[in-house]
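Report on the structure given below.
The values are calculated or read from the model by the stated rules, or taken from the named source; none is laboratory data. Keep in mind the model is a prediction, meaning the values are calculated, not measured. Here the Cβ positions follow ideal geometry from the backbone for every residue, glycine too, while neighbour counts run over all protein chains shown. Surface areas here come from the heavy atoms of the whole protein model, side chains and all, with no ligands, DNA or RNA. Shrake-Rupley method; radii C 1.70, N 1.55, O 1.52, S 1.80 Å.
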Amino acid sequence: MDNFLIQITGKKRVVLYNPRDAPYLYLAGTKSEVLNVDNPDLEKYPLFMKARRYECSLEAGDVLFIPALWFHNVISEEFGVGVNVFWKHLPSECYDKTDTYGNKDPTAASRAVQILDRALKTLEELPEEYRDFYARRMVLRIQEKAYSTNYE
């Protein structure tokens, strides 16, 4: 969900990453495996340096808009209080009704990932060369059918 991070007291540093940089963030579910964005283990996460970071500091009274799908890392630089205000901008049926904080993927995306996982499991029945060939065809089909040409 879209989110306003409102800093009431104290200071925070926020690092944001565009959703287009997801291939470089080493995602495990909805979170990155790279926990230290300031000093990442580049032997373990060599592509992380390709992700473009946007950084800002928040002080008391500041408000930061964090768009849906943007990955973010928040570091408290001193004790403080911050408030997040989330809102749903997609039709209500797109959201999991048990997801109070907006941390789950939209229901259609969750279903698509489950279907993809089943398809990948099915490909395991093939010899490696065939599995590789058909997996690459699936990737190309996803790119052709689902990637937007309007997205910079």
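Amide H contacts of residue 32: none lie under 5 Å away among residues 5 or more positions distant or on a separate chain (H built 1.01 Å from N in the peptide plane; Pro and chain starts excluded).
Compute the angle between helix 107-123 and the longest alpha-carbon principal axis of the chain, please, reported from 0 to 90 degrees and rounded to the nearest 10. Orientation of helix 107-123: about 40 degrees from the principal axis.
For the residue pairs 31/97; 121/145; 44/97; 88/121, the C-alpha atoms sit more than 25 angstrom apart in 44/97; 88/121.
From the gyration tensor of the Cα coordinates in the chain, what semi-axes in whole Å does the equivalent ellipsoid have, largest first, with each one equal to sqrt(5λ)? Intermediate values should be presented prior to the final figure.
Details: eigenvalues 228, 85, 36 Å².
Result for the chain: semi-axes of 34, 21, 13 Å.
Across segment 27-42, computed HN-Hα scalar couplings (Karplus, 6.51 cos²θ - 1.76 cosθ + 1.60, θ = phi - 60°) run 6, 10, x, 9, 10, 8, 6, 7, 8, 9, 6, 7, 9, x, 7, 6 Hz from first to last residue, x flagging Gly and Pro. For helix 128-146, report the angle its Cα long axis makes with the longest principal axis of the Cα atoms of the chain; keep it between 0 and 90° and round to the nearest 10°. Helix 128-146 and the main axis of the chain meet at about 50 degrees.
Highest mobility in the GNM of the chain, judged by mean-square fluctuation with C-alpha springs under 10 Å and restricted to 100, 122, 30, is found for 122. Looking at 48, 75, 60, which one has the Cα that reaches farthest to the positive end of the dipole of segment 1-79 (charges on Cβ: Lys, Arg +1; Asp, Glu -1)? The residue sitting farthest along the positive end of the dipole is 48. Across 1, 49, the residue with the most accessible area heads the list, and the full order at a 1.4 Å probe is 49, 1.
Comparing 117, 96, 21, which has the greatest mean-square fluctuation in the GNM of the chain with Cα pairs linked when under 10 Å apart? Its mean-square fluctuation being the largest, the pick is 117.
Heavy-atom accessible area per residue, the chain, 1.4 Å probe: how many Å²?
On the way: 11360 Å² over 152 residues.
Spelled out: the 1.4 Å probe surface of the chain, per residue, equals 75 Å².
Restricting the GluC sites (Glu not before Pro) of segment 1-76 to loop positions (DSSP other than H, G, I, E, B) with no more than 15 neighbouring Cβ atoms within 10 Å leaves 33, 43, 59.
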